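Please read the structure below before turning to the comments.
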Amino acid sequence: MSEPADLVVVGAGPAGMAAAVTALAGGLRVVLVDSGPAVGGQFWRHPPEHARVAIPTGDLHHGLREYLALCAALSAGRAAGRLDLRLAHHVWSAVRDDEFAVHAADRREAPRERPVVLRAPRLLVATGAYDRQLPFPGWDLPGVLTIGGLQALLKGGGVAAGSRVALGGTGPFLLPVAAGLAARGIAVVTVCEAADPRAWLRHPGALLRNPGKWAEGAGYAAVLARHRVPVRPRTAITGAEGGERVTSVRIASLTSDGSPRPGTERRVEVDAVGVGWGFAPQLDLLLPFGCELTDSADGNAVVAVDDGQRTTVPGLYAAGEACGVGGAPLAVAEGRLAAESVLADSGAAPALSRKSLVRARATVARQRAFARAMSMAHPVPAAWSSWLTDETVVCRCEEVTAGAVRAACAEGGAHDHRQVKQLTRAGMGWCQGRMCGPAVHCLAAQKRAYVPAERLVATPVTLGALAQLDE
Ligand SMILES: Cc1cc2nc3c(=O)[nH]c(=O)nc-3n(C[C@H](O)[C@H](O)[C@H](O)COP(=O)(O)OP(=O)(O)OC[C@H]3O[C@@H](n4cnc5c(N)ncnc54)[C@H](O)[C@@H]3O)c2cc1C
């Protein structure tokens, strides 16, 4: 693309793809950046282009027609010279002076990396979310993965992490992962859902307005029934055991506050485990701008946006899971609305017809209601920390134990994860608190939503790349 861009979109998942396509349809010149090797994000993660025939993953995907239409529109944008698609570019910082400057590390020739600065008067952040984890004894053993990690191996490489797998945590995401593994002949020996499914009955409106979600759930339930996969409600994986890798998990029924019910604990032999407690929005690039945040119902702070996906910082827009976890159809609709706002704010004509705009707004309202109901029906159990011993490692990078975190709170007076970090180094390692941050926040007895620590550098970047920057 020879002319300057009108818009940089960071994140080429469902939200970023839909936003870029809508902005292109409105005549804008767009840069679309993603750290991954292909567009699609988490929901439409595929094997690398050259391996797609050898590794069939079609049954793991939904909404492929939409994905293919978005891919075709992006290709047309590139052919017309109005889309600059930057894959394998990890954005490590974004700043604003008279326009936005987005700093990325070009990792197409990794481990070598090259600095790239992408500029535009408007920036749309659609960086998605990552798995929320809670520590438990043994969670740092090889073979214990996040549930999203298990799925990424399956969708991205056709690889199953084990042959006898236990899944645990909470939320509907457990079901597609269990079904995907079972359909490939993997023994899914238990699916431990901490929540009580009857909690959904308190949200009949959200359920009735989203019949598609039910149909999807019923599809997974049928696969699980066919493969005789036991799904255990009000149950959790409270420990993992093994030597060089995990060989068994301890599971227990939970009381209403999430404490293990005495006498129900039992051991299940496994060679891999996947655990997930919902998702945490990826706010790294947004926090340094100082945009307003708001509480979502699931314990996370998310970026506050108006009904056109504008943040409180002029020229800065957000769409998808960064605005609250709610699934791919919601992310797509928000991406479209965000791009419409960019067009309106740039003085360009709308790209969506009136009918499509109304439909996108209705989708957002409906899916947000569903997401709120989902958060309330699948909370993090209040007493989860009773599963931890003082020796359980909470921050894996810096090897900080639950005992050290508890001491920092009780004796050191720490009352949030930042103070715990100062006293114990929890959250100071390679992952910068992405893994342990939500857990340390809960252990510090915080009732407020979790706000990750602000980081000016969102991903480790080499000194070599920084030295090549000429500004
Ligand atoms: C591991 C995982 C697996 C999931 N699987 C499913 C599923 O099977 N079904 C389902 O309904 N929902 C799934 N979800 C929820 C899912 O995130 C949403 O449904 C949907 O993908 C959200 O779309 P999005 O565009 O907001 O974010 P994403 O799809 O997460 O896309 C965000 C994109 O931003 C990129 N990115 C992030 N930070 C940077 C950066 N600094 N620089 C450059 N690029 C960046 C990422 O590489 C990613 O491609 C999953 C979530 C996770 C975390």
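Values quoted throughout were computed directly from the atomic coordinates according to the rules given, and no laboratory measurement underlies them. A quick note: this is a predicted structure, and the numbers were derived from the prediction, not measured. Cβ coordinates were reconstructed from backbone atoms using ideal geometry, including for glycine residues, and neighbour counts include every protein chain displayed.
Under the definition of Cα pairs under 8 Å and six or more residues apart, what whole-number percent is the relative contact order of region 313-362? Before the final figure, lay out each step's value.
Numbers: 32 pairs, mean separation 15.5, N = 50.
Relative contact order, region 313-362: 31 percent.
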**Asked** If only Cα atoms are counted, what is the Rg of region 110-237, and what is its Dmax, in Å?
**Response** 18.3, 55
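Lys and Arg at +1, Asp and Glu at -1: add these up for the other residues within a Cβ distance under 15 Å of Ala187 and post the number. Please list the in-between numbers first.
Values: positive: Arg164, Arg184, Arg226, Arg228; negative: Glu269, Asp271.
Its environment carries a net charge of +2.
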**Asked** Taking N as the number of residues in region 314-471, what is its Cα Rg relative to 2.2 N^0.38 Å?
**Response** 1.39
**Fill in**
Taking every C-alpha to C-alpha distance in region 84-173 and binning by 10 Å from 0, the per-bin percentages run 12, 30, 26, 24, 8, 0
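Just flag the GluC sites (Glu not before Pro) in region 45-150 sitting in loop per DSSP whose Cβ has no more than 13 other Cβ atoms within 10 Å.
Working: sites: Glu49, Glu66, Glu99, Glu109, Glu113; in loops: Glu99, Glu109, Glu113.
The qualifying sites are Glu109.
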**Message:** Largest first, please: the extent of the C-alpha atoms of region 1-44 along each principal axis, to the nearest Å.
**Reply:** 30, 18, 11
**Message:** If I fit a long axis through the Cα atoms of helix 64-79 and take the longest principal axis of the Cα atoms of the chain, what angle between them do I get, 0 to 90°, rounded to 10?
**Reply:** 30 degrees
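Taking each pair of different alpha-carbon atoms in region 256-392 once, compute 1/r for the pair, average those values, and report the inverse of that mean as the Kirkwood hydrodynamic radius in Å to one decimal.
Details: mean 1/r = 0.0568 Å⁻¹.
For region 256-392, the Kirkwood estimate is 17.6 Å.
Give the dimensionless ratio obtained when the Cα radius of gyration of region 386-449 is divided by 2.2 N^0.38 Å. Intermediate results must be reported in sequence, preceding the final value.
On the way: Rg = 10.2 Å, N = 64, 2.2 N^0.38 = 10.7 Å.
In units of the globular-protein estimate, region 386-449 measures up at 0.96.
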**Message:** Tell me the angle of helix 147-157 to the major Cα principal axis of the chain, expressed in degrees between 0 and 90 and rounded to the nearest ten.
**Reply:** 60 degrees
**Request:** Spit out the partnerless Cys residues in the chain, using Cβ distances under 4.7 Å as the pairing rule.
**Result:** Cys71, Cys192, Cys291, Cys323, Cys397, Cys409, Cys431, Cys442
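Taking only DSSP H segments of four or more residues, each worth -39500 (n - 2.57), what value at 222 nm results for the chain once the sum is divided by all its residues, to the nearest 500 deg cm²/dmol? Before the final figure, lay out each step's value.
Details: 12 runs with 142 residues, N = 471.
Calculated from helices alone, the mean residue ellipticity at 222 nm is -9500 deg cm²/dmol.
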**Request:** Could you tell me the largest-minus-smallest coordinate of the C-alpha atoms of the chain on each of the three principal axes, in descending order and whole angstroms?
**Result:** 68, 51, 43
**Dipole in debye (nearest 20) - the chain, about Cα centre, beta carbon charges: Lys, Arg +1; Asp, Glu -1** = 1480 debye
**Request:** Please work out the Cα center distance from region 451-471 to region 176-247, rounded to the nearest Å.
**Result:** 39 Å
**Request:** Between Arg65 and Arg425, with labels modelled 7 Å along Cα→Cβ, what's the label distance in nm to one decimal, could you check?
**Result:** 5.5 nm
